[in-house]
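The values are calculated or read from the model by the stated rules, or taken from the named source; none is laboratory data. The structure presented is a predicted model; accordingly, all values stated were derived computationally and were not measured. Using ideal geometry, Cβ is built from the backbone for each residue, glycine included, and neighbour counts are taken over all protein chains shown. Quick note on the areas: whole protein, heavy atoms, side chains included, nothing else; ligands and nucleic acids left out. Shrake-Rupley method; radii C 1.70, N 1.55, O 1.52, S 1.80 Å.
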Amino acid sequence: METFLIKTVQLLLSLSILVIVHEFGHFIFARMFKVRVEKFYLFFDPWFSLFKFKPKNSHTEYGIGWLPLGGYVKIAGMIDESMDREQMKLPPQPWEFRSKPAWQRLLIMVAGVAFNFILAIFIYSMIAYTWGNTYIPFKNAYAGMEYCQSAKEIGFRDGDIPLTADGIELSFWSSETMQQITEAHQVQVLRGNDTVTIAMPRDFMLRLIAKEETFISSYRTPPVVYETADNSGAQRAGLQKGDHIVTVDSIATPSLNELHQVLSTRRDTTVTVAYLRNKTLQTTTIATDSMGNLGILITPLTESYDVVTEHYGFWESFPKGIELGVNKLKSYVSSMKYVFTKEGAQSLGGFGAIGSIFPEVWNWEAFWSMTAFLSVILAFMNILPIPALDGGHVLFLLYEVITRRKPNEKFMEYAQMFGMIFLLALLIYANGNDIVRFFFK
């Protein structure tokens, strides 16, 4: 229950920040061009709101709705989700959206998307400034990587160290590295002392999606002792911090995963363990417990491998933030092509899927990183040319700029209604997928 609450709070806080910044973009540009904003709401308020106030001598009502599906600003004289037909029947007023030049209306509409992307860049910059960029270079990961089943089926093996994807050097594991590998024609890996080339099938990403495999690989955890439990078999056998377990009963254990596999078949027995201590191979016998455990805690990855941390000064952090923001946008846009496949459609998720990506314990670096990524997603999704989204309004405004005539208002109303129905159906479908996955998988 505690984990659920932590994830829920992170999700609501993150979305609230993104919505406020997005709507503030529309708001500030509307006011810049002297267009009245009648409402500025976090969340939607059908029938009633949780909180609202209207400052003296202000035309804007500020409030918080009860339906946490986003937020909105109601701009006077605009066909939007409020569907205020009565206002549109009245003669245009100079403070209304429809009375302003097309270029001003266009800037008002793209401002929300622009503010979200700027926010993402700013957050990435501050993450770089505050925490830097910490990673494990592939060359330092001597135990190599562990791969998912789909990767193994096309030729990857546990222990392989990625070198290049279509000739581009791969330095460390990240979401961008994963995309480079999945979209490459061929990938080179270091296997022992040999360089091996693996041909990547065109449908590899779809295979991952179909099997719900989130990652191709992860860093292998070497079975290095961090500490031993009191009165455990390992403590009685004399294992010490830093001992690197090499074999169990002559079976190689190059990673924690292999160690667990071997020990799972050796419960309540005695095993022969070979380990390296100060580069000297030693052997001992250890009694396992009823679960096959030796009674050891394994050294974390960040202590097993040499970790690199790149630090950035305040001004240095902004080019890094721009680089990260642009790379995340490119990566997300590239992945969108899979949404239009059967596997991709089935993998769509709603608020449950979004909430699940936040950590189970509060971590500010992870929270801001996810908020920045969601800001990139929100910016891109909102600029899609779908009626009811900013991109739909931009599309009609571009039509007006090119043809020098406004689209018919009745057509705009119908397009807005169609867009809202489509988005509602998509929302129901995505959250329905979450429910199906939760109860039936």
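Tabulated data
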{"quantity": "Residue match in segment 62-81 (condition: modelled with pLDDT of 90 or more, of a type in the set (Gly, Ala, Ser) and under 26 Å from VAL394 (Cα atoms))", "calculated": "no"}
{"quantity": "Residue among GLN104, GLN87 that is open to solvent by less than 70 Å² (accessible area, probe 1.4 Å), polar (S, T, N, Q) and modelled with pLDDT under 90", "calculated": "GLN87"}
{"quantity": "Qualifying residue in segment 280-292 (condition: closer than 25 Å to CYS148 by Cα, among the small types (Gly, Ala, Ser) and without any contact (Cβ under 8 Å) to a residue 40 or more places away in the chain)", "calculated": "yes"}
{"quantity": "Qualifying positions in segment 265-291 - surrounded by 12 or more Cβ atoms within 10 Å (Cβ to Cβ) and among the small types (Gly, Ala, Ser)", "calculated": "ALA274, ALA287"}
{"quantity": "Residue match in segment 128-140 (condition: within 20 Å of GLY192 (Cβ to Cβ) and open to solvent by 30 Å² or more (accessible area, probe 1.4 Å))", "calculated": "yes"}
{"quantity": "Positions within segment 144-160 being in a loop (DSSP other than H, G, I, E, B) and open to solvent by 10 Å² or more (accessible area, probe 1.4 Å), in sequence order", "calculated": "CYS148, ILE154, GLY155, ARG157, ASP158, GLY159"}
{"quantity": "Subset of segment 244-253 [in a loop (DSSP other than H, G, I, E, B) and buried (at least 20 other Cβ atoms within 10 Å of the Cβ)]", "calculated": "THR253"}
{"quantity": "Subset of segment 192-243 (residues that are in a loop (DSSP other than H, G, I, E, B), touching a residue at least 60 places away in the same chain (Cβ under 8 Å), touching a strand residue (DSSP E or B) at 6+ places or on another chain (Cβ under 8 Å) and open to solvent by 40 Å² or more (accessible area, probe 1.4 Å))", "calculated": "ALA229"}
{"quantity": "Selection count, segment 378-432, where residues are more than 22 Å from SER335 (Cα to Cα), of a type in the set (Ser, Thr, Tyr) and modelled with pLDDT under 80", "calculated": "1"}
{"quantity": "Flag if SER375 is at pLDDT 85 or above, touching a His at 6+ places or on another chain (Cβ under 9 Å) and in a helix (DSSP H, G or I)", "calculated": "yes"}
